[in-house]
1. List pairs: first residue in the stretch 8-35 and more than 20 Å from PHE106 (Cα to Cα), second residue open to solvent by 40 Å² or more (accessible area, probe 1.4 Å) anywhere in the structure, Cβ distance under 6 angstrom, at least six positions apart or on different chains.
2. Just the residues that are farther than 17 Å from THR98 by Cβ, assigned to a loop (DSSP other than H, G, I, E, B) and open to solvent by less than 60 Å² (accessible area, probe 1.4 Å), please, taken from the stretch 8-51.
3. Identify, from the list VAL78, VAL89, VAL110, the residue that is under 10 Å from the mean Cα position of the chain (by Cα) and not charged (D, E, K, R).
4. Out of all the residues in the stretch 52-80, which are surrounded by 12 or more Cβ atoms within 10 Å (Cβ to Cβ) and of a type in the set (S, T, N, Q)?
5. Take the stretch 83-106 and flag every residue that is aliphatic (A, V, I, L, M) and either buried (at least 16 other Cβ atoms within 10 Å of the Cβ) or touching a His at 6+ places or on another chain (Cβ under 8 Å) (or both).
Amino acid sequence: MAFEIVTILIGIEHLEIMVLEMFASPAKQAKAFDMEESFLRQKAARISMANQGIYNGMLGALLIISQFIFPGITAIMVGRLLLIFVAIVGLYGALTATKKIWLFQFIPAVIGLILSL
């Protein structure tokens with residue numbers, strides 16, 4: 001039960017990240033992602049953020065939906081697969097973008113994986 005709750009919460013978090021990346025102002029994005037606001041005001045950066053946002057949104061939706069549409073062990077296996085993806089991407093992001101990703105993506109994914117055992 002704890003695994004399912006954590007997986008759904010991580011899914012909701014990714015939907016929130018999607019909203020930030022796709023719809024937030026450059027000022028809010030700069031604060032959230034430790035980036036320069038002047039960079040985020042550029043058209044190419046806005047497009048790139050929106051594209052990244054749709055990936056986070058779909059990942060969030062999959063994390064949530066996987067816990068409702070698959071039966072028993074299949075839900076756990078699909079959830080694990082998606083959490084492994086989140087952990088790898090979170091680790092890479094923490095090393096290359098901002099250390100906050102370590103706290104908000106990598107660690108929750110690892111906790112979810114531990115709870116699935």
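The values are calculated or read from the model by the stated rules, or taken from the named source; none is laboratory data. Source: prediction; values computed, not measured. When we count neighbours, we look across all protein chains shown, and the Cβ atoms used for this are built from the backbone with ideal geometry, even at glycine. We work out accessible area using only protein heavy atoms, side chains counted, and drop any ligands, DNA or RNA first. Shrake-Rupley method; radii C 1.70, N 1.55, O 1.52, S 1.80 Å.
1. Going by the 6 Å Cβ cut-off, the qualifying pairs are PRO26/GLU37; PRO26/ARG41; ALA27/GLU37; ALA30/GLU37.
2. Scanning the stretch 8-51 gives a single hit, SER25.
3. Working: VAL78 fails: under 10 Å from the mean Cα position of the chain (by Cα); VAL110 fails: under 10 Å from the mean Cα position of the chain (by Cα).
It is VAL89.
4. Filtering the stretch 52-80 for residues surrounded by 12 or more Cβ atoms within 10 Å (Cβ to Cβ) gives 52-67, 70, 75-80.
Within the stretch 52-80, GLN52, ASN56, SER66, GLN67 qualify.
5. Within the stretch 83-106, the first condition is being aliphatic (A, V, I, L, M), and the residues that meet it are 83-84, 86-89, 91, 94-95, 97, 101, 103.
Across the stretch 83-106, the qualifying residues are LEU83, VAL86, ALA87, VAL89, LEU91, ALA94, ILE101.
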